[in-house]
Structures are given as structure tokens and as C-alpha cells.
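Trainee: Dropping the structure in here first, questions after.
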Amino acid sequence: MKKIIYPLIFIFLLLALSACSKQNKGNNNINDLYQDFSYKVEPETFDLTIITNGKNENVSKALDKMKVTNLKENSSATSWSYPEKGIDVVIKKEQNYLDINIKSTKGIDVKNEFTWPLVSGKNYTLPLGEGKYIPSDDKYFKEYLDNAELDPIESLSMSFFTSSNNDTAVVYIIKNIFNNKMTFNTKNDIEFQFEHAYPSITGEKSYGFRIYITKNTPVNIAKIYKNYIIEQGNFKTLEDKAKDNKNIKKLYGAIHIYLFNKTVISENDINWAVLKENIASPQVQWIKTLLTDKVEGGSEVIKALDDIQKQNYVDQYQKLLISQGLSQVLLLPDFYNPEIFTKKDKKIEDLINKGINNLNKVEIIELNKRALRLSIENGFKNDDDWSLDRNLDLLKSIHSDGIDRAWFGLDDWTQAFISPSMIKYANGQGFLIGPYDSYHSIHEPSKEKWNTAAFKDTSLYENSVITDENGDKISGFQNVGRKLNPVLSIPSVKQRVEYILNTGVKFNSWFIDCDATGEIYDDYSKNHITTKQQDLKARMERISYIRDEKNMVVGSEGGNDFAASTIAFAHGIELPSFSWMDEDMARNKDSQYYLGRYYSGNGGAPEKMTKEVPLKEKYKKIFLDNYYNIPLYKLVYNDSVITTYHWDWSTFKLKDEVQNRMLYEVLYNVPSLYHLDKFQWEKYKDKIISHYKIWSPFSRSVITKEMTDFKILSSNRLVQMTQYGNDIKVIANFSDENFEYNNDKIKAHSLIIYNKSEKIEYTP
């Protein structure tokens with residue numbers, strides 16, 4: 001079949017794109033982004049090539065030959081059919097891009113699939129997390145992507161990819177983000193194919209791309225995509241979001257801190273001599289019963305209680321173990337037994353008069369604490385002061401030592417129930433504070449392994465979970481339980497949020513796990529068929545409910561940009577979770593690379609969050625090496641979504657990478673992320689404060705500005721420059737050698753901030 005060639009002479013209509021130019025205030029003239037081109041296509045193989053500036057850029061390599069019918073061509077469009085595939089193709093010339101639409105004709109309830117394009121280039125620019133530059137012959141990425149199958153809505157932070165063979169980039173914007181797969185072939189150099197499935201349960205029977213031609217720079221690529229997002233009405237700045245919730249401005253210059261403390265009573269709150277004398281008391285015997293029946297590992301605590309009765313001392317390990325055991329039973333709603341705890345004061349009487357079954361969780365903990373203290377005379381400090389050093393005093397120390405902007409995330413809402421005064425203090429000092437929450441997994445009733453997988457409506461486990469095409473119910477996180485259908489979760493979302501807030505705990509932020517990661521599903525359950533489109537819509541609706549009706553500053557895991565206009569912050573874009581890929585990191589406790597157990601011997605931050613570990617070379621290259629890092633996401637969303645690391649990777653987690661992390665945080669305007677309890681704060685506070693004094697003022701100055709430029713300044717790609725607005729630049733040197741820039745020496749592993757006439761040199 002004869003090849004079809006059409007010259008495309010683009011007329012740039014600036015007036016039509018005025019909305020883009022208003023939001024895109026950088027140094028990139030819109031006329032410089034889009035290149036004129038012509039194209040040639042072979043319908044039998046769908047081989048598509050673009051010619052620009054006299055050079056050929058392959059959009060797709062040839063497929064196997066297919067029968068073609070209904071071939072039509074005119075000055076602005078080409079169309080044809082693949083009757084044996086049940087596929088119609090339309091290529092249409094638009095103002096500054098080639099529009100490609102690939103539609104299934106097999107019927108609305110018939111499954112179909114099609115593969116196109118086959119992409120091959122010398123290098124790729126991919127929005128993997130923040131963004132990656134990937135040479136096609138790179139040995140590390142060849143290994144990483146070998147036979148990999150990526151779902152773009154999960155694996156790509158934004159809905160595009162780019163290939164290049166020279167100075168020109170071919171930008172593919174994915175128009176239908178659902179039911180796609182990118183399959184990589186690394187036998188020679190890296191190549192991949194894009195496959196779309198047309199499920200039988202959805203009426204959406206087309207996919208396709210906008211193809212743009214531009215200079216092969218991260219800035220041009222990102223700005224084309226940003227203009228597209230704005231055109232679609234899907235871009236919203238932080239300042240616009242703050243008009244609806246002024247608390248969003250508290251994120252500006254705020255570091256992100258996860259707090260860990262479920263200690264109701266600490267070892268310092270107990271008079272150990274008196275407790276030893278009362279081991280045989282009815283109260284302690286009741287506690288032993290609860291430890292046996294209600295607490296995992298309770299037998300160890302019981303043994304410690306029996307041992308100290310025989311000893312003339314109590315060692316530190318025993319103190320920690322017993323105080324943690326007491327903390328666990330004090331959380332139980334059936335701790336208070338009026339036949340055991342006979343002493344009362346006005347506070348206890350007031351709580352009892354409300355009706356035990358009418359008490360919220362905060363009140364239950366208050367009742368339990370009071371009852372225990374009164375039952376053993378002089379055995380404990382005033383219960384109002386229990387564990388203050390682990391919660392309220394910690395926040396006071398953080399604030400008094402100079403941290404005035406922070407987002408605090410709690411392991412779950414239980415921490416707030418233990419110490420509502422901590423939440424009140426955080427609000428009073430202008431901090432953001434909120435719980436971790438999730439509606440991703442649901443566990444079998446009465447067998448829940450974590451709070452977020454427990455729901456008051458026990459029918460959900462059988463009636464409201466996701467079923468795959470084969471009729472199997474999809475397993476939950478870590479293959480425990482099942483995945484809850486988001487469309488059917490809304491009543492339970494409202495129920496849980498209302499329950500938490502009705503305790504009087506004054507959260508002003510909320511973190512929802514998974515919703516911005518792209519892990520979405522078609523649900524083939526006969527009673528509640530749900531498409532991926534409906535799944536995603538429901539996820540955004542529950543975020544919007546918490547954000548709008550409860551006035552919360554909402555963040556989520558991941559941060560993939562289908563959620564960008566809905567959330568204010570995200571954890572995972574800058575460094576995703578990847579430990580599950582490696583046996584040593586995830587499970588081999590004898591390995592130096594093992595991240596650690598989700599366990600704390602002192603009730604604080606778990607070992608998994610605080611243990612410093614090295615990283616294998618291949619993971620350093622793929623996930624950390626600034627040779628490959630490019631700020632694609634920041635070039636689009638710096639002034640829209642605040643992004644940091646997945647909580648697996650605090651700033652201090654990876655050995656030998658802390659300094660580079662700190663440089664990265666300034667260069668890319670990324671908040672530090674820490675896991676703190678009183679012990680970790682004392683260990684790291686000097687480093688945290690010194691970095692904060694540089695990063696926070698800088699971030700406040702650029703957070704509402706667009707990242708307007710990015711440049712690689714050295715041949716090894718380890719000296720990089722970012723620009724925010726028209727005036728603020730950062731040059732970071734990640735290499736081991738000093739670098740000269742405009743008569744300034746940028747020392748190895750240091751940076752310079754240029755803000756108009758001001759120059760700040762910083763070596764972490």
C-alpha cells in the first residue's frame with residue numbers, strides 16, 4: 001500500500017491559549033514549544049513517522065501487516081479500519097499536534113485489545129516518580145525494565161511519555177488513562193509497546209494520543225503537558241486551593257513529620273516499687289487476664305510482671321515492656337470493670353453517668369487511666385500527665401527549638417485519642433496535624449490486623465469488595481483481606497470520619513493512603529459492576545468529602561496527577577516505595593539492607609522507619625542517582641501539589657545519601673520527611689533545625705511560583721540548575737568535584753541559592 005504523506009502547517013492561535021499563557025509565566029514562549037512538522041503513515045502496519053527540520057522521528061515502528069478497509073484521506077485527516085481486529089483509526093491534524101484516536105468496533109459489551117505504538121528511541125523522558133532521563137542502552141534501566149509491564153496510571157506520575165533520537169522529542173500524551181499497559185523489551189536497547197484493553201463492562205471504547213514535537217529538553221516537554229492539563233481544566237494552583245481552605249498555606253515551608261506514640265503510660269509515670277508490691281492485687285490480676293485474652297504477645301508482659309515481683313530491682317527492658325503492655329490494655333473498651341476498680345472520683349462518676357456504652361474512645365481512655373491510678377495508691381503519677389514527654393512535650397520542644405512550620409502525620413487516629421492535648425497544641429501553634437487513614441483493604445470482621453481495615457458495617461466484607469473478570473475476589477494489601485469497592489465505601493468513609501471527629505479531636509489535615517497511586521480496578525461483581533473510571537471518581541469523591549465538608553488539608557500516597565487538582569500534598573512522588581522488590585530489604589532480617597521490623601521496643605517510631613540502612617548499587621542508580629533525575633513533575637506542578645518521599649524513606653533513612661537528599665530538597669523544593677519520637681528528635685534535632693533554617697524560607701519564597709527552568713550544567717549531569725519564576729535560581733553540585741559557574745565556586749556536595757541580589761551558599 002502506498003504511504004500517505006501530509007504536510008502539517010500549524011497556525012498558532014495564541015488567543016485560544018491565553019489561559020495557558022496566563023498560568024505559564026516562565027521563560028518559555030509558547031511559540032518555542034511546538035515545532036512544525038509533516039508526517040507519513042503506512043496504514044497496513046501503522047508505521048508512523050514525523051518529519052521536522054528535515055529529520056525523521058519515528059512515532060511507532062511497524063506492526064505486523066493487517067487488512068485495511070475504509071481508507072479515507074483529506075487535507076486534515078486520515079482514517080481507516082482494521083476489520084479483522086475490530087478497530088477504527090483516525091489521525092487528524094490539529095493546531096499544534098497530531099491527534100490519534102483508536103476505537104474498538106466490536107460492540108459495547110465485547111472485550112477487545114489493540115497494541116500501538118511500538119516505541120524505540122535513543123533516550124526516553126518518562127514521568128517515573130518525579131521524572132527520569134533514560135538512555136536506551138543504560139545497563140541499570142535495561143535490567144530494571146527487562147520484560148517489565150507497567151500500568152501507566154500507576155507507574156507514571158503524569159499521563160505522557162517521550163522518546164527521542166536526537167535534539168527533537170516526540171511527546172505522547174495519553175488521552176484515555178484507563179486499561180493500558182506498557183511492555184518493555186530490553187534484549188537489545190530499551191524499547192516498549194503500548195497496549196490498550198477495551199473491557200466488556202465499559203462503554204468507553206477508544207484510546208489514543210496527542211503527539212507533539214518539541215526540543216528535547218525537560219522544560220519543553222513538561223510545559224507542553226502543563227498547557228494540555230490547563231486546557232483540559234485540570235490544573236489548580238495551591239493559591240486557588242487555599243481560597244477554599246486557608247490552612248493549605250500552612251504547608252508553605254512546612255517539613256513533614258510522622259509522629260509515633262501509642263504510649264498511654266510511660267515507664268517514667270510508674271512508681272515501680274509500689275507496683276511491685278501490688279502484683280498480686282485484683283487490679284493487676286485483671287490486667288493479666290486482659291493481656292492473655294486481648295493483647296498479642298501479652299504473655300511476655302505477664303512474665304515480666306511475675307519476674308519483678310521476685311526481684312529487688314526492675315531493669316529498663318522490663319519497665320519498657322510492662323509500660324507498653326499497660327498502654328495496650330488501657331486502650332481496651334472493656335478495661336474498666338466496676339467490680340475491680342471500686343474507687344471513684346467526680347471525673348469517673350461523670351463518665352459513668354454518661355453510660356459506658358455511650359463513651360467515645362477519648363473518654364474510654366480517660367476512664368481507664370483514672371481507674372487504674374486510683375486503684376493503686378501512690379503507684380502512678382497524675383494520669384493527666386501520663387506520657388507527656390512522648391507527645392505534647394515533644395511538640396513543644398520541636399516548636400521551641402525553631403520549627404514553626406510542619407505537617408504532622410499520626411500512625412492512625414489512636415494517637416490523638418491518647419493525647420488530645422497534643423492535637424490542640426499543634427492547632428494553636430499553626431501546625432497541620434492529621435491521621436493516616438485508608439479505605440483500600442478490608443479484613444474479615446473480628447480478624448482485623450490494623451484499624452483502617454476494620455469497618456462498622458460488617459456486611460462490606462462479603463458484599464462490597466472487588467471481583468476480577470474470573471470471578472475471584474481481589475486480595476487486600478499484603479494479600480490480607482480484600483479490596484473494598486470505593487463506590488460502595490462512601491457511607492463507611494463518612495461514618496468513620498464522623499466517629500473520629502465526634503470525639504472532639506481537632507484535626508485540620510487528613511492523609512488517605514493509596515487513593516492517588518493509581519491502583520484502581522474494574523469490578524466485575526454481578527451486583528455492583530464498576531468500571532475503573534467509576535472507581536477513580538469515587539476515590540476523588542471521598543477525598544473531596546473530607547476536604548470540603550470537614551475542611552481538612554488532604555494528602556495522599558503517590559500523587560499521580562489524576563488527583564492533582566483534588567489533593568494539596570502527596571507522599572511518594574520524590575522517592576516511591578520499592579523495598580517489596582528485594583528480598584533483602586523486605587524480609588531478610590540478617591541482611592544489612594533489611595529495612596527493619598514494624599516494631600518499637602519503646603512505643604515510639606518503628607525500627608522500619610528509623611533504622612539507617614545502605615542501599616544496593618542498582619537501586620541507588622535507578623531511584624536516587626541524579627544522573628537520571630529530572631524535575632518533570634515539579635516543572636508542571638510545583639505551584640499546585642507539594643510532594644515528598646514515600647514514608648519508607650525519611651531524609652535520614654538511607655546511609656551515605658543524607659547530604660544528597662538535603663541538596664535535592666532545596667533544588668527541587670521538596671519538604672524533608674522525618675519519623676520522630678522523643679528519642680529520634682534528640683538524635684537528629686541539630687541536623688533538622690540547621691537544614692530547616694535554609695530550606696523553609698527558600699520554600700516559602702518559591703512554593704507559589706512555577707518552576708520555569710531546569711538545566712544540566714555539567715557533562716556528568718551532576719550539577720543541576722532549577723529556576724522558580726523569573727528571579728530565583730538554585731544550582732546544586734552532587735558531584736565530588738567543585739564546579740565554576742559565573743565566577744562562583746559551587747563546592748562539591750553543596751549548592752547556591754540566587755534570589756535577585758541575594759546569594760546563599762549551603763553545604764548540608
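Trainee: Quick one: which of Thr217, Thr168, Thr183 is among the polar types (S, T, N, Q) and more than 27 Å from Gln95 (Cα to Cα)? Don't jump to the end; show me each part of the working.
Mentor: Values: Thr217 fails: more than 27 Å from Gln95 (Cα to Cα); Thr168 fails: more than 27 Å from Gln95 (Cα to Cα).
Just one listed residue meets the conditions, Thr183.
Trainee: Could you name every one of the strands (runs of 3 or more DSSP E) located completely within the range 661-764 that has at least 3 residues being within 25 Å of Ser400 (Cα to Cα) and within 27 Å of the chain's Cα centre (by Cα)?
Mentor: Values: elements: 673-676, 707-712, 719-724, 728-733, 739-741, 744-746, 750-755, 758-762.
So the answer is 673-676.
Trainee: Okay, next question. Counting only residues that are touching a helix residue (DSSP H, G or I) at 6+ places or on another chain (Cβ under 7 Å) and assigned to a loop (DSSP other than H, G, I, E, B), which one in the range 399-415 is nearest to His646 (Cα to Cα)?
Mentor: By that ranking, first place goes to Asp412.
Trainee: For the range 38-74: of the residues being closer than 13 Å to Ile91 by Cβ and within 39 Å of the chain's Cα centre (by Cα), which is surrounded by the most Cβ atoms within 10 Å (Cβ to Cβ)?
Mentor: My answer is Phe46.
Trainee: Residues in the range 180-192 that are under 29 Å from Tyr34 (Cα atoms) and either surrounded by 21 or more Cβ atoms within 10 Å (Cβ to Cβ) or touching a Phe, Trp or Tyr at 6+ places or on another chain (Cβ under 8 Å) (or both): how many?
Mentor: Adding up the residues that qualify gives 8.
Trainee: If you don't mind, another one. So which residues in the range 321-349 are charged (D, E, K, R) and either under 13 Å from Asn368 (Cβ atoms) or in a helix (DSSP H, G or I) (or both), if there are any at all?
Mentor: If we filter the range 321-349 for residues that are charged (D, E, K, R), which is where we start, we get 334, 339, 343-347, 349.
Once the filter is applied, which keeps residues that are charged (D, E, K, R) and either under 13 Å from Asn368 (Cβ atoms) or in a helix (DSSP H, G or I) (or both), the range 321-349 yields Asp334, Lys346, Lys347, Glu349.
Trainee: Looking at the range 554-610, which of its residues are under 20 Å from Tyr684 (Cβ atoms), among the charged types (D, E, K, R) and in contact with a strand residue (DSSP E or B) (Cβ under 6 Å, 6 or more places away or on another chain)?
Mentor: Scanning the range 554-610 gives a single hit, Glu574.
Trainee: Just checking, how many residues over the range 740-759 are buried (at least 19 other Cβ atoms within 10 Å of the Cβ) and without any contact (Cβ under 8 Å) to a residue 40 or more places away in the chain?
Mentor: 2
Trainee: Could you list, in sequence order, the residues of the range 453-482 that are under 22 Å from Ile500 (Cβ atoms) and hydrophobic (A, V, I, L, M, F, W, C)? It would help to see each step written out before you state the result.
Mentor: Initial filter on the range 453-482 (under 22 Å from Ile500 (Cβ atoms)): 453-461, 464, 476-477, 481.
If the condition is that a residue be under 22 Å from Ile500 (Cβ atoms) and hydrophobic (A, V, I, L, M, F, W, C), then Ala453, Ala454, Phe455, Leu460, Phe477 are the ones that fit.
Trainee: Of the residues Leu275, Leu332, Leu320, which single one is of a type in the set (A, V, I, L, M) and buried (at least 19 other Cβ atoms within 10 Å of the Cβ)?
Mentor: Working: Leu332 fails: buried (at least 19 other Cβ atoms within 10 Å of the Cβ); Leu320 fails: buried (at least 19 other Cβ atoms within 10 Å of the Cβ).
Sole residue among the options that is of a type in the set (A, V, I, L, M) and buried (at least 19 other Cβ atoms within 10 Å of the Cβ): Leu275.
Trainee: Next question. So is Ala371 in contact with a strand residue (DSSP E or B) (Cβ under 8 Å, 6 or more places away or on another chain) and at pLDDT 95 or above or not? Break it down stepwise before answering.
Mentor: On the way: in contact with a strand residue (DSSP E or B) (Cβ under 8 Å, 6 or more places away or on another chain): no; at pLDDT 95 or above: yes.
No: the conditions fail for Ala371.
Trainee: I've got another one for you. Are there any strands (runs of 3 or more DSSP E) wholly within the range 115-186 with 1 or more residues that are more than 22 Å from Val641 (Cα to Cα) and among the β-branched types (Val, Ile, Thr), and if so which?
Mentor: Numbers: elements: 123-126, 132-135, 160-164, 168-174, 180-185.
Correct list: 132-135, 160-164, 168-174, 180-185.
Trainee: When residues of the range 187-201 are filtered for being of a type outside the set (A, V, I, L, M, F, W, C), over 22 Å from Asp146 (Cα atoms) and in a loop (DSSP other than H, G, I, E, B), how many remain? Steps first, answer last, please.
Mentor: Taking the range 187-201 as the starting set, the residues that turn out to be of a type outside the set (A, V, I, L, M, F, W, C) are 187-189, 191, 193, 195-196, 198-200.
Subset that is over 22 Å from Asp146 (Cα atoms): 198-200.
Cutting the leftovers down to in a loop (DSSP other than H, G, I, E, B) gives us 199-200.
Counting residues in the range 187-201 that are of a type outside the set (A, V, I, L, M, F, W, C), over 22 Å from Asp146 (Cα atoms) and in a loop (DSSP other than H, G, I, E, B) gives 2.
Trainee: If you check Glu549, Glu462, Glu469, Glu519, which single one turns out to be surrounded by fewer than 21 Cβ atoms within 10 Å (Cβ to Cβ), over 18 Å from the mean Cα position of the chain (by Cα), closer than 30 Å to Ser206 by Cβ and among the charged types (D, E, K, R)?
Mentor: Working: Glu549 fails: closer than 30 Å to Ser206 by Cβ; Glu462 fails: closer than 30 Å to Ser206 by Cβ; Glu519 fails: over 18 Å from the mean Cα position of the chain (by Cα).
It is Glu469.
Trainee: Within the range 416-437, restricting attention to residues that are surrounded by 19 or more Cβ atoms within 10 Å (Cβ to Cβ) and in a loop (DSSP other than H, G, I, E, B), which residue is modelled with the lowest pLDDT?
Mentor: Ser419
So that you can scan it fast, the table gives a plain yes or no per residue for (1) over 30 Å from Phe652 (Cβ atoms); (2) out of contact with any Ser or Thr (no Cβ under 9 Å at 6 or more places or on another chain); (3) among the aliphatic types (A, V, I, L, M):
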residue: Ser525; (1), (2), (3): yes, no, no
residue: Ala538; (1), (2), (3): yes, no, yes
residue: Ile546; (1), (2), (3): yes, yes, yes
residue: Met552; (1), (2), (3): no, no, yes
residue: Gly558; (1), (2), (3): no, no, no
residue: Asp561; (1), (2), (3): no, no, no
residue: Ser591; (1), (2), (3): no, yes, no
residue: Leu595; (1), (2), (3): no, no, yes
residue: Gly604; (1), (2), (3): no, no, no
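The values are calculated or read from the model by the stated rules, or taken from the named source; none is laboratory data. Since this is a predicted model, take the numbers as computed values, not measurements. Ideal geometry is used to build each Cβ from the backbone, glycine not excepted, and the neighbour counts take in all protein chains shown.
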